[in-house]
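**Student:** I'd like to ask you about the structure that follows.
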Amino acid sequence: MRKPVIAGNWKMHMTCAQAREWMATFLPLIAATPNDRELVVAPPFTAISTMADLVKGSTLELSSQNVHWEGHGAYTAEIAPGMLLEHDVVYAIVGHSEPRKYFSESDEQINHRARSAQSNGLIPIVCVGETDEQRTRGEAERVIRRQVEQGLEGLDPAKLIVAYEPIWAIGTGKTCESTEANRICGLIRSWVGSPDLIIQYGGSVKPGNIDELMSMSDIDGVLVGGASLEAESFARIANYQAG
Ligand code: 13P
């Protein structure tokens, strides 16, 4: 049985003061949320310590937005697994399309990050997804398959989440059709060969489309950007009702 994981990726948003305000609104709204789902937030690094205090006693878990493959060293701007574990972080997003695009992160680097996360007891959320051009050229499946095969090499699928985030759907308001997102998530599951693998969809997830997305057989959760910045809208997403 795959427990759905509803995760908010705050990206480069939220000061500590804003995170406190967000939590004051959010926590009462999830007080009655069924525990058949996992709720996760990925704050920026500066807010992780504040959030670690605020999530205590709640069902909300923390994710980082990145993790390095070394335990420490001369890697300016990077973050080591132990630094995250010290704040009870459980998940680590790796391979998001933004660092892939802006910092040319390769599948090999992403695989190093994911392996490091797993071997240190963090659960990597490995993001994959095609660009608009790749989809138009009919290359979406080939691109995603390469990202999956190279990014997940040597990983244990039981301690892993894959997030299918078509790049053309991120921050654009253009959600991938739920049936198409479901089809790609099903393909990813078959390529990895693990029926228990948790696969999220991400890309313009909103209160208005969450129920439909979560009704799909191969979508086991969502990775939410913009709509996770508003406590009320993320709470509605967390309180989805799958048909
Ligand atoms: P949006 O929900 O803003 O489209 O962002 C998706 C995303 O990138 C989550 O990681």
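The values are calculated or read from the model by the stated rules, or taken from the named source; none is laboratory data. Fair warning: this is a prediction, and the values are worked out from it, not measured in the lab. Cβ atoms come from the backbone with ideal geometry, glycine included; neighbour counts cover every protein chain shown. To get the accessible areas, we keep the full protein, side chains included, count just its heavy atoms, and leave off ligands, DNA and RNA. Shrake-Rupley method; radii C 1.70, N 1.55, O 1.52, S 1.80 Å.
**Student:** When only residues in segment 12-59 that are of a type in the set (Lys, Arg) and farther than 16 Å from residue 237 by Cβ count, which is surrounded by the fewest Cβ atoms within 10 Å (Cβ to Cβ)?
**Tutor:** 56
**Student:** How about segment 159-181: which of its residues are in contact with a Leu (Cβ under 9 Å, 6 or more places away or on another chain), in contact (Cβ under 8 Å) with a residue 40 or more places away in the chain and of a type in the set (A, V, I, L, M, F, W, C)?
**Tutor:** 160, 161, 163
**Student:** Continuing with the same structure: Can you name every residue in segment 2-26 that is assigned to a loop (DSSP other than H, G, I, E, B) and over 14 Å from residue 161 (Cα atoms)?
**Tutor:** Scanning segment 2-26 gives 10, 11, 12, 13, 14, 15.
**Student:** Do we find a residue being within 23 Å of residue 211 (Cβ to Cβ), at pLDDT 95 or above, in contact with a Phe, Trp or Tyr (Cβ under 9 Å, 6 or more places away or on another chain) and part of a helix (DSSP H, G or I) anywhere in segment 67-83?
**Tutor:** No.
Each row is one residue, and each column tells you yes or no for (1) within 15 Å of the ligand (Cβ to nearest atom); (2) open to solvent by less than 10 Å² (accessible area, probe 1.4 Å); (3) not aliphatic (A, V, I, L, M).
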position: 88; (1), (2), (3): no, no, yes
position: 91; (1), (2), (3): yes, no, yes
position: 95; (1), (2), (3): yes, yes, yes
position: 102; (1), (2), (3): yes, no, yes
position: 117; (1), (2), (3): no, yes, no
position: 122; (1), (2), (3): no, yes, no
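**Student:** Something else about it: Which of the residues spanning segment 145-174 are open to solvent by 70 Å² or more (accessible area, probe 1.4 Å) and of a type in the set (D, E, K, R)?
**Tutor:** Answer for segment 145-174, where residues must be open to solvent by 70 Å² or more (accessible area, probe 1.4 Å) and of a type in the set (D, E, K, R): 145, 146, 149, 153, 159, 174.
**Student:** Moving on. Against the condition within 12 Å of the ligand (Cβ to nearest atom) and either under 20 Å from residue 135 (Cβ atoms) or more than 17 Å from the chain's Cα centre (by Cα) (or both), how does residue 200 come out, does it pass?
**Tutor:** yes
**Student:** Criterion first (closer than 19 Å to residue 222 by Cα and out of contact with any strand residue (DSSP E or B) (no Cβ under 7 Å at 6 or more places or on another chain)) does residue 81 satisfy it?
**Tutor:** For residue 81, the condition - closer than 19 Å to residue 222 by Cα and out of contact with any strand residue (DSSP E or B) (no Cβ under 7 Å at 6 or more places or on another chain) - is not met.
**Student:** Another one. Would you say residue 184 is assigned to a helix (DSSP H, G or I), touching a residue at least 60 places away in the same chain (Cβ under 8 Å), more than 10 Å from the ligand (Cβ to nearest atom) and over 12 Å from residue 222 (Cα atoms)?
**Tutor:** no
**Student:** Out of 217, 194, report the one residue that is open to solvent by 40 Å² or more (accessible area, probe 1.4 Å) and more than 15 Å from the ligand (Cβ to nearest atom).
**Tutor:** Going through 217, 194 in turn, just one is open to solvent by 40 Å² or more (accessible area, probe 1.4 Å) and more than 15 Å from the ligand (Cβ to nearest atom): 217.
**Student:** Please tell me if residue 174 is within 16 Å of the ligand (Cβ to nearest atom), touching a helix residue (DSSP H, G or I) at 6+ places or on another chain (Cβ under 7 Å) and farther than 17 Å from residue 96 by Cα.
**Tutor:** It is true that residue 174 is within 16 Å of the ligand (Cβ to nearest atom), touching a helix residue (DSSP H, G or I) at 6+ places or on another chain (Cβ under 7 Å) and farther than 17 Å from residue 96 by Cα.
**Student:** Would you pick out the residues in segment 220-236 that are surrounded by fewer than 23 Cβ atoms within 10 Å (Cβ to Cβ) and within 12 Å of the ligand (Cβ to nearest atom)?
**Tutor:** 225, 226, 227, 229, 230, 233
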